[in-house]
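Read the structure below first, then the notes.
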Amino acid sequence: MSAAVNVPFGGAETTGAMLAGEVGRAVWLRATYRPQDAAGTALDAGTGCGRGRPVLVFRDRFVGVPMRRPAVLAYPGGARGRVRLFGFDDLTLAVPLDTAADTLPDSTPDTATIGNPSPDRAGGFVWWRAVLTTFDPRTPPVPADLATALSAAGADLASVSMAGHRRHAVLWVAAAPNARIRAARVATVVDAARACSTAVTAVAVTGQAVSSCRRGGDPR
Amino acid sequence: MSVLSRCRSGVVDALVSDAGQYGVPDVDALLLALNLYGLCTPLGARVRLQLSLITSPEVRTVVVAAGRSDPPFTLSDDGWLYAAGVPIGRAVRTDADDAVSGYLRCWKHGTWWAATINPAGRSRCTGCAFCPTSLEPPADPVLTLERELHALLDGLELQLPPGGTLRSLHEVAVSTACYRTENAALEAMVMLRKVLRSRRINARIVLLSSVLRSREAFRFLAEHVAPFGLFLTAECVSRRDFLLKNTKADLLPEAMPALLAEAGAGLDTSFTYIAGLDTTVQLEKFMTVMLPQVTLFPSVQIFQPHKRIMDRLLSPEAECLGYYYNARRVVENIMTDLGSPLTPELWRCYRSLWATEYAGHALTGPTR
């Protein structure tokens with residue numbers, strides 16, 4: 001297993017002047033290469049067909065980063081390139097979407113060149129310092145009929161605390177296959193948002209609250 | 001020693017009070033309640049625990065809603081799991097479940113025997129109302145499918161223990177792929193088989209989907225992709241157009257048994273079902289016609305309301321834990337009557353109705 005450490009993203013090391021919605025962080029990374037043939041087909045290691053396209057491995061595993069969305073890496077030599085992030089239980093990867101990753105110095109311990117920015121050598125690897133910038137996913141606009149219904153009920157999607165929950169509500173309504181289902185989904189979202197608005201404090205945990213049939217009349 | 005004798009809390013008593021009447025062990029009842037009610041933690045909307053209960057120390061994977069404000073379960077900073085203040089177990093590892101590109105499963109004899117990968121496609125998926133995946137940011141399918149699959153496998157490979165190889169995988173499951181058409185799913189499966197072959201991985205491919213429906217598609221998979229297993233994403237019987245995305249909702253429940261029978265001519269077959277959305281009568285009727293068609297034990301999952309909208313999706317009956325205890329018994333009775341040798345595979349479903357016992361017999365095998 002890798003010794004990756006979970007690192008919340010967007011912490012104290014935020015760098016530079018970012019546009020709204022951008023989060024940047026200094027990161028440590030190395031490249032691994034999967035051999036491929038001229039057509040780009042991956043080959044088994046040891047076939048001697050060149051080093052192929054890199055996969056970038058981050059020293060730390062990130063949490064709170066929008067995975068599988070494009071992000072931008074500023075490599076040690078100054079080149080900037082787009083990557084796509086992949087998250088796993090023990091590590092975070094990036095797959096380059098352009099050739100900027102070719103500027104990354106060799107990560108082989110024996111051949112890490114002098115003159116590059118000082119690498120980190122944790123875990124027997126050579127890790128290079130870079131800056132990773134990710135972008136907050138935009139919440140889609142609230143459909144007009146949902147907005148009207150929320151307003152009429154004195155409710156607001158802003159009362160739904162988690163961005164993912166707001167996005168889910170909007171997309172679920174927008175994807176309704178017909179007017180009848182759409183109206184039913186709007187009503188459900190409004191009902192939930194109104195409950196969020198009125199629930200100013202968490203329900204105290206009591207024996208009664210967790211009885212098997214506890215949810216009848218529960219304002220949740 | 002039972003949980004109740006350790007934790008004489010009225011809350012824990014209440015959680016499992018009816019379990020004995022249904023022959024449900026305390027541990028199963030507690031885990032069922034944890035799945036249904038979720039956790040109160042600041043870790044995010046959903047959390048993945050490697051959990052060891054005081055009365056059942058074997059580490060098992062549990063993935064539950066984590067952002068609830070009022071559940072009986074809480075998780076301390078040092079990983080102790082409490083039911084209304086009473087410690088009942090400890091998470092030896094805790095992760096926000098936002099890193100879901102793929103993961104290794106079925107840990108047996110020092111080797112991972114299975115993997116689940118989540119290829120691109122969610123940016124085109126509006127999600128089903130009950131699906132926690134739709135709470136996450138959508139993916140952006142920039143990579144070609146082949147590169148994406150290699151990246152996913154590279155990530156899994158880097159997590160293997162020393163000396164490990166993906167060639168030991170017996171199964172690669174494709175989940176949350178959300179293919180919009182049958183052809184798109186077939187092309188993706190062909191590509192996955194090609195990628196696996198290029199890496200000399202001979203695993204069975206399992207796809208969770210409801211867009212594979214034609215006899216021609218099943219024949220094609222048997223000829224070009226097999227070994228292959230289809231987990232039909234049945235999910236529920238009632239309110240399908242309200243709860244499900246359109247590519248699932250337009251498959252009628254009454255057509256599903258024949259579909260699985262057709263697929264079963266050359267493929268492994270099973271289905272996913274969310275316990276908590278239908279009435280008990282609907283559940284029993286559906287299980288009666290579906291269970292005879294499976295070659296792999298179905299993934300009968302506990303509905304996990306992650307938020308207030310999802311609370312409103314529960315069948316009124318399913319607000320009681322007794323509903324889930326009864327659902328266990330319904331499935332067990334039907335499978336027993338069928339003489340089926342299949343039993344739940346604990347590693348395959350992280351929100352299963354079963355944890356330690358099935359039809360009166362202890363469940364063995366990998367738990368994560």
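Working only within region B:164-193, note down all residues that are assigned to a helix (DSSP H, G or I), in contact with a Lys or Arg (Cβ under 9 Å, 6 or more places away or on another chain) and within 14 Å of chain A (Cβ to nearest Cβ).
The answer is B:L166, B:R167.
Checked against (1) open to solvent by 10 Å² or more (accessible area, probe 1.4 Å); (2) more than 18 Å from the chain's Cα centre (by Cα), B:S315 meets all criteria but (1). You will find that of A:G87, A:G81, A:G64, the residue that is among the small types (G, A, S) and more than 10 Å from chain B (Cβ to nearest Cβ) is A:G81 and no other. Of everything listed in (1) more than 10 Å from chain B (Cβ to nearest Cβ); (2) at pLDDT below 85; (3) open to solvent by 50 Å² or more (accessible area, probe 1.4 Å); (4) over 16 Å from B:D154 (Cβ atoms), the single unmet condition for A:N6 is (1). Taken across region B:260-271, residues that are within 18 Å of the chain's Cα centre (by Cα) and open to solvent by 10 Å² or more (accessible area, probe 1.4 Å) do occur, with at least one present.
Of the residues making up region B:161-187, those that are farther than 29 Å from B:S214 by Cα and open to solvent by 50 Å² or more (accessible area, probe 1.4 Å) are B:P162, B:G163, B:T165, B:R167. Of the candidates B:F271, B:F242, B:F297, the single residue that is assigned to a loop (DSSP other than H, G, I, E, B) and aromatic (F, W, Y) is B:F297. From the list A:G217, A:G123, A:G154, the lone residue that is surrounded by fewer than 18 Cβ atoms within 10 Å (Cβ to Cβ), over 30 Å from A:L85 (Cα atoms), more than 9 Å from every other protein chain (Cβ to nearest Cβ) and at pLDDT 65 or above is A:G154.
Going by the structure shown, is B:V59 open to solvent by 20 Å² or more (accessible area, probe 1.4 Å), part of a strand (DSSP E or B), under 30 Å from B:L149 (Cα atoms) and more than 13 Å from chain A (Cβ to nearest Cβ)? Against the criterion (open to solvent by 20 Å² or more (accessible area, probe 1.4 Å), part of a strand (DSSP E or B), under 30 Å from B:L149 (Cα atoms) and more than 13 Å from chain A (Cβ to nearest Cβ)), B:V59 qualifies.
Looking at B:R308, is it open to solvent by 60 Å² or more (accessible area, probe 1.4 Å), basic (K, R), within 10 Å of chain A (Cβ to nearest Cβ) and under 27 Å from B:A65 (Cα atoms)? Considered against the rule, which asks whether it is open to solvent by 60 Å² or more (accessible area, probe 1.4 Å), basic (K, R), within 10 Å of chain A (Cβ to nearest Cβ) and under 27 Å from B:A65 (Cα atoms), B:R308 comes out as no. What is the one condition in (1) over 20 Å from the mean Cα position of the chain (by Cα); (2) assigned to a loop (DSSP other than H, G, I, E, B) that B:T364 does not satisfy? The one condition B:T364 does not meet is (1). Residues in region B:194-209 that are open to solvent by 10 Å² or more (accessible area, probe 1.4 Å) and either part of a helix (DSSP H, G or I) or free of Cβ contacts under 8 Å to residues at least 24 places away in the same chain (or both): B:K194, B:R197, B:S198. If you go through region B:133-160 and keep only what is at pLDDT 60 or above and open to solvent by 30 Å² or more (accessible area, probe 1.4 Å), you end up with B:T144, B:L145, B:E146, B:R147, B:E157, B:L158. Filtering region B:39-56 to residues that are more than 11 Å from chain A (Cβ to nearest Cβ) and in contact (Cβ under 8 Å) with a residue 60 or more places away in the chain leaves only B:S56. Selection of region B:97-132 for residues being part of a loop (DSSP other than H, G, I, E, B), more than 19 Å from the chain's Cα centre (by Cα) and at pLDDT 70 or above yields B:H109, B:G110. Reported count of residues in region B:62-96, each being within 22 Å of the chain's Cα centre (by Cα) and at the interface with another protein chain (Cβ under 10 Å from one of its Cβ atoms), is 8. In region B:311-347, of all residues being touching a strand residue (DSSP E or B) at 6+ places or on another chain (Cβ under 7 Å) and not in a helix (DSSP H, G or I), the one that is nearest to the other protein chains (Cβ to nearest Cβ) corresponds to B:P344.
The values are calculated or read from the model by the stated rules, or taken from the named source; none is laboratory data. Bear in mind the structure is a predicted one, so any value in this text is a computation, not a measurement. Because the Cβ atoms are built from the backbone with ideal geometry, glycine has one as well, and the counts that use them run over all protein chains shown. With ligands, DNA and RNA removed, areas are computed over all heavy atoms of the protein, side chains included. Shrake-Rupley method; radii C 1.70, N 1.55, O 1.52, S 1.80 Å.
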